[in-house]
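Novice: The structure under discussion is supplied below as structure tokens; questions concerning it will follow.
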Amino acid sequence: MPGRFVFHESLDSTRSTVLDPAHHPNLAQAQAEALVTLFLGRSLSVNNTYAFDSRSLLELADALLSTMNQVRKGASESQKDRLDAQRPIVVHVFGANDFFGACAQQLRRVTPGARFRLSAWQPIDHDDKARESLAAALHSAAPGPTWLQPDYPELEEQFDTLVRLDSYLKVKGRGRSATARTPAISLPEYVSHLQSLPSAEVLRIARERDCPEDLAVFLHGAVAGMPAEDVNRGWAHDAVVAARGNQAVLFKKEQVRELVDTLYNAVLADSAFAEFGYMTSVPRTDGRKELQGINRFAVGLIRDMWKKLTMRGSADPRDRTTRIEPTMSGVFTIGANAPHLPKPSLRQVFRAYWELVADNDRWQPWQDSCANLHRLLTRTDPVDNALRNAWSAHLATLETQVRGIVRTEQDNEQDMLAIETIEGRQTNQLEDGPAPSPDEVAVAGEYLDHMARGVAAQAGNPRQ
């Protein structure tokens, strides 16, 4: 699957808060969105930060690796070769020679002002001795969990997943495909772009993206006059922590954090060579529509900057990067009811993915369908009947090849891919569909096309 890289914002390490998906469904959301990417024949592209310190990613890796091993046990040698050749997760390492080296660097960043704050490994975030012990264990030839005892036994299973992920990535031909690159557009550049917009442009983006205008005006003012370099994740997240206890102030700070988090993830997507970015906001089980609007405004700001830059850098008016139109959107819901269908667990769906890969008869038709759909998605033409027909054909292929797991539905005469599990329901379709009920939506997102190619073309440096 060379070049079919998708970056998922739902793997953001700050989204993992509690284990129970009924209270905070980000873990189930990340896995459900990832399954759509895998069934489309693509790879999840992540940087070393999320591969190491995102509990969503580590939970996903555990599910993928465990179910692959289950299928592998009954596979023939040729089927094992095909399973081993898959690249569902590709990790791009920045500033180190290998994955564990990058992890150790992050653990050792403890200088005030530059400290790397841990999410998945939060229990040792303030324990510098434990951080160093884990870094040393990762540098050893045979890392072991002895550093966990007796203080942090709850991290032992997570440590085992990390080791298994590293072993998986080391297999030749998959894993760490390249060193992460310097993104063409930095977070301060996105912030500067917002700061430079006149009020009329801010309101235009808000209207186009269905964001309340007062929220867009608030965000514009919240960063006005600040050095762009100071508007970063540390600043945004520290402000939320400092505001706890004052609900009115806290919500305003959370809105700014949502903007910064989305812009930051667009930067990471470029650094991870993403061809498609799947951008979503934090799970919205609290029903706050404001965060949905802010996430949409942030995506509109990203598109606006890309569009202006690529229009200046492209001599060909037909270049798709001058339009940056969405081609796919999706919705993850909690507790959807489909009594006519049994609901498998997410792990059962991951196993079905590997069984599809291993199956001698189903494998090639699925791959051919993936290749045709991908070819149409990456051309310079807008969405047309050829793409819609390829999308419908691919869904029909999946419905046939993965019975009981993937099904096709219709909404406003558009075909939708639906995966229903115990944990929730993920539906995806071409183009943006009607807004779902806020009572059932956990998170909605959309694919951003050709992220890396668009900014690389603008920079005069096609780094694919």
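Here, each number is a calculation from the coordinates, and none is a lab measurement. Quick caveat, the model's predicted, so the values are computed rather than measured. All Cβ positions, even for glycine, are placed from backbone atoms using ideal geometry, and neighbour counts span all protein chains on display.
Novice: In whole Hz, what ³J(HN,Hα) sequence does the range 201-213 give by Karplus (6.51, -1.76, 1.60; θ = phi - 60°), x for Gly and Pro?
Specialist: Listing the rounded values in order: 6, 4, 5, 4, 4, 4, 5, 5, 9, 6, 10, x, 4 Hz.
Novice: Same structure again: For LYS307, list the lysines whose Cα falls under 28 Å from its own Cα; do not include residues on the same chain fewer than 8 positions away.
Specialist: Hits, sequence-local ones excluded: LYS289.
Novice: Hey, if you put +1 on the Cβ of every Lys and Arg and -1 on every Asp and Glu Cβ in the range 341-427, which of ALA390, PRO344, ILE405 ends up farthest toward the positive end of that dipole?
Specialist: It is PRO344.
Novice: While we're here: Dipole of the range 72-113, Cα-centred, from +1 at each Lys and Arg C-beta and -1 at each Asp and Glu C-beta, to the nearest 20 debye?
Specialist: 140 debye
Novice: Summing +1 for each Lys or Arg and -1 for each Asp or Glu, what net charge is found among the other residues whose Cβ lies under 13 Å from the Cβ of GLU154?
Specialist: Taking every other residue near GLU154 into account, the sum is -3.
Novice: Please find the FRET efficiency linking GLN367 to VAL171, where r is the Cβ-Cβ separation and R0 is fixed at 25 Å, and quote it to the nearest 0.05.
Specialist: 0.80
Novice: What ³J(HN,Hα) values, in whole Hz, does the Karplus curve 6.51 cos²θ - 1.76 cosθ + 1.60 give for the range 92-101 when θ = phi - 60°, with x put for Gly and Pro?
Specialist: Working through the residues one at a time gives 9, 9, 10, x, 8, 7, 8, 4, 5, x Hz.
Novice: Which of the three applies to the range 346-415, rounded, prolate or oblate, going by the alpha-carbon gyration tensor with a ≥ b ≥ c and a/c under 1.5 meaning rounded?
Specialist: The shape class here is oblate.
Novice: Continuing with the same structure: Provide the gained length on full extension for the span ASN389 to ASN360, in nm with one decimal, where the gain is 0.36 nm per separating residue minus the Cα-Cα distance.
Specialist: Result for the pair: 7.9 nm of gain on full extension.
Novice: Would you mind ranking HIS92, HIS193 by Cβ crowding within 10 Å, fewest neighbours first?
Specialist: HIS193, HIS92
Novice: Another question, if that's okay. Got a sec? How would ARG115, ARG42 order by Cβ neighbour count within 10 Å, fewest to most?
Specialist: ARG115, ARG42
Novice: Determine ³J(HN,Hα), in whole Hz, for all residues of the range 117-125 in sequence, where each value follows from phi through the Karplus function 6.51 cos²θ - 1.76 cosθ + 1.60 and θ = phi - 60°; x replaces Gly and Pro.
Specialist: 7, 8, 10, 4, 9, 3, x, 9, 4
Novice: While we're looking at this one, here's another question. Once each part is reduced to its C-alpha centroid, what is the distance from the range 214-260 to the range 29-61 in angstrom?
Specialist: Centre-to-centre distance over Cα atoms comes out at 28 Å.
Novice: Using 0.36 nm per residue of separation minus the Cα-Cα distance, give me the extension gain between GLN247 and LYS289 in nm, one decimal.
Specialist: Computed gain between GLN247 and LYS289 is 13.5 nm.
Novice: Starting with the fewest neighbours, write out PHE350, PHE251 ranked by other beta-carbon atoms found within 10 Å of each beta-carbon.
Specialist: PHE251, PHE350
Novice: Which of PRO198, THR280, ALA184 sits farthest toward the positive end of the charge dipole of the range 183-304, with +1 on the Cβ of Lys and Arg and -1 on the Cβ of Asp and Glu?
Specialist: In the range 183-304, that residue is THR280.
Novice: Would you please give the residues with an amide H less than 5 Å from that of PHE273, counting only those at least 5 places away or on a separate chain, with H modeled from the backbone geometry?
Specialist: Those qualifying (amide H under 5 Å, at least 5 residues apart or on another chain) are ARG181.
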